[in-house]
1. Treat every Asp and Glu Cβ in the chain as -1 and every Lys and Arg Cβ as +1, leave all other atoms uncharged, and give the resulting dipole magnitude about the Cα centre to the nearest 20 debye.
2. Compute log10 of I(q)/I(0) for the range 623-757 with the Debye formula, placing one identical point scatterer on every Cα and leaving out solvent, at q = 0.15, 0.18, 0.21 Å⁻¹, to two decimals.
3. Angle between the Cα long axis of helix 417-432 and the longest principal axis of the chain, 0 to 90 degrees, nearest 10?
4. Report W562's accessible area, 1.4 Å probe, all protein chains in place, as a number in Å² to the nearest 10.
5. Given axes a ≥ b ≥ c from the Cα gyration tensor, I'd like to know whether the range 1-87 is rounded (a/c under 1.5), prolate (a/b larger than b/c) or oblate.
6. Once you list every other residue whose beta carbon is under 14 Å from the beta carbon of A10, what net charge do they have if Lys and Arg are +1 and Asp and Glu are -1?
7. Can you list the residues, at least 5 places off or on another chain, whose amide H is less than 5 Å from the amide H of S715, using H built in the peptide plane?
8. Of the listed peptides 496-505, 11-20, what is their order by residue-averaged count of other C-beta atoms within 10 Å, with the highest listed first?
Amino acid sequence: MDNFGHFDDASREYVITRPDTPWPWINYMGTEDFFSLISNTAGGYCFCRDAKFRRILRYRYNGVPMDAGGRYYYIKDGDTVWNPGWKPCKTALDFYECRHGMGYTKIVGQKNGLKAEVTFFVPIGHRCEVHKVKITNTGSSKKQFKLYSFAEWCLWNASTDMENFQRNLSTGEVEIEGSVIYHKTEYRERRDHYAFYGVNRPFDGYDTDRETFIGMYNGFEAPQQVLAGTSGNTRAHGWSPIASHRFDLELGAGESTELVFVLGYVENPQEEKFVAPAVINKKRALAMLEAFSTVEKADKAFAELRAFWDNLLGRFNVSSDVPELDRTVNIWNQYQCMITFFFSRSASYFESGIGRGMGFRDSNQDLAGIVHMIPDRARQRIIDIASTQFPDGGCYHQYQPLTKRGNNDIGGGFNDDPLWLIFGTVAYIRETGDFGILNEPVPFDNKPGTEVSLLYHLKISFRHVTDNLGPHDLPLIGRADWNDCLNLNCFSWNPDDSFQTTENKTEGTKAESLMIAGLFVAQGRDFAELLQRIGDKDAEGVKEAVKAMESAVKQHGWDGEWFLRAYDYYGNKIGSRECEEGKIFIESQGWCTMARIGADEGLCDKALDSTVKHLECEQGIVLNTPAYSKYIYEYGEISSYPEGYKENAGIFCHNNPWVIIGEAMAGRRDDAWRHYCKITPAFTKDQTLRKVEPYVFCQMVAGKDAAKPGEGKNSWLTGTAAWTWKAVSESILGIKPQFDGLLIEPCIPLQYGTYRVHRKFRDAVYELEIKYSGKKGGFYIPYKPGVQKLTVEL
Ligand code: GLC
Ligand code: GLC
């Protein structure tokens, strides 16, 4: 079994020791509104605020070879040309290492007595990437060599950049001044932004015209200027602008030199755009370059970035006997939650950055992973999301991050959506105690003058379910529920239809969802508790509606051994033993057991047993079984996938934690733990099979029916991050935020039952020593500011 790297927990890094990973293993940089994706060979791109409309570097998705384009440094040493990150030249290196850390990536390459260390990071408070390049002559004699930088500009709109060539190939414009290359395409007209790539010393040559630098029929691996040791000193006009600096360097034995490159983005007020006709105002760019004009300044900014992450990740730490658990909880899971919060589902190596906006349901769920770290931003996000809601409680399925407006192309009608607003808000208030958010004025569909309180939005969210019940008194599914592919009101034979937006069965719809039913009961209980806590008389009505839903589920949603998944348009069962395929589904088992529906009658235990028996496989719990082997047109997208992938019997990691929490609520600690270990990447044994990064969760792992069960896909941006965080921190380790304190209620195998937790909660710090020997009921600690040391024996 090949191994491509290992964890370095003390540095909070993952160390990749071979560049030819089974898939590019990436990292993210950025904390505010300038973000970068960077692979272990320095591939990727950056953007400001919006990955579609403000794309700075060009990137070609799904290219051949894979992961082409990025910020490349080339070293020409005699006849040898190489890159510290191996790609694109792929010259065999004497040493290679890539360290992905919190918001930065360090790549080290060594060849023929030269060592190049490149530290990439996005500093706090600046819209740029800083690349600190250190080259050392490790040999015993003097060396002369050349260093080239390289980046290719995207013409801002990442979508038209890939389509509209009749225009694009005539718009490119740059300026070169000092050692800075400015990319100013379309700045002459309406754009008020430009990008730049500069360095803190004079260069010996440069290029901005791609064809001159690379050569018409060469690839990134063989730029003709680098091969020849020259530069064309070109100014791009039209065609494809790039940026490359050349340095002719000489180093004595043991000597080093360091350069600081800045790849940045600037916005200018309209009236300050130009300093002379056609000459851009460079003031802001020069200020940014000045901020990193020395190695010391760059190092200081790097230290600030580290402190930022130390602070965030220092709010929850566990120290147990299981290193995989500790590193997941203390480092990578929390980090991934932050990244997912920043990016939603927009830009990864599986999401092109030009597709989706922010999902209503996705963004609410993401909150659960970050609210303990950045409560203020969670608060703002809740208001943003709620502001896209309609007066009847329904909502747009997505909104655009740049405008914060609902996205009309996708529309609404996903009937689980509104309930997630209750989920997100409850998570926020439990963490912060900020009940005041409930009184915030929040508009409908962003229309000024329509403001009502956030609390009112929560009430209509709840009511949106009770206003839309079907023939079995279960929630109507609408276009789909959490499972975007259960499109029970879309009957499509047209391959050009989008399953997401087509809803052609609108009359007399009766398709109902047990997943929404479970979600409603679970969220309804929390909502009732919240209302009671603030003395709102609607609490009773909410409780009654919850009770009614419970009986509807018991009466019409129980299949004998497990919970049904849905009723289709015709009122036929989905996820029943009566079905030929898709007899059992995970979502309703997860939600109905989390909601403890029928627990007293043994339904939850039975449903969990059935989940283990039918859905669990070696790498996790599949979504449904048996997988659909053919397209069923009244079901929609679900059966469009081949067996074992995505919503058709893939291990959709996002919903595995629902079962983990359900197991924990039933006190089944060994089952909960086993499910957790299976989906958690730190426990991965076979990196080649898993393929994607061993330090982050992925949305989907191929299920037992796929060609290669265990292959991971869609890493990074997934609800799995927040849900696994919730499952491990609250259900397994048992640290449960309540409206007025913390409830300690672990559910972990007894052999790991002794551990310590450091938990910052509001203005309190809890240093907990937990000794768990299986006692039920939990231990409640009322909130009190200050430091509290406690031993909790249960
Ligand atoms: C994707 C979507 C999410 C959906 C899930 C299941 O992860 O982002 O909204 O719930 O797929 O279909
Ligand atoms: C597809 C995917 C689903 C995703 C959706 C988003 O339906 O299968 O996972 O949520 O697209 O548009």
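1. On the way: 91 positive and 105 negative charges, 298 e Å.
In total the dipole reaches around 1440 debye.
2. Here the Debye-derived log intensity ratios amount to -0.77, -1.00, -1.20.
3. Once rounded, the angle reads 80 degrees.
4. Surface accessible to solvent at W562 totals approximately 20 Å².
5. Working: a/c = 1.72, a/b = 1.18, b/c = 1.46.
Note, shape of the range 1-87 comes out oblate.
6. On the way: positive: R12, R99, R306, R327; negative: D8, D9, E13, D310, D326.
Within the 14 Å Cβ shell, the charges total -1.
7. Those lying under 5 Å, H to H, from S715 are Q699.
8. Values: 496-505: 15.1, 11-20: 18.8.
In descending order of packing, they fall as 11-20, 496-505.
The values are calculated or read from the model by the stated rules, or taken from the named source; none is laboratory data. If you're wondering where the values come from, they're calculated on a predicted model, not measured in any experiment. Neighbour counts run over all protein chains shown; Cβ positions are idealised from the backbone, glycine included. SASA here: full protein model, heavy atoms, side chains in, ligands and nucleic acids out. Shrake-Rupley method; radii C 1.70, N 1.55, O 1.52, S 1.80 Å.
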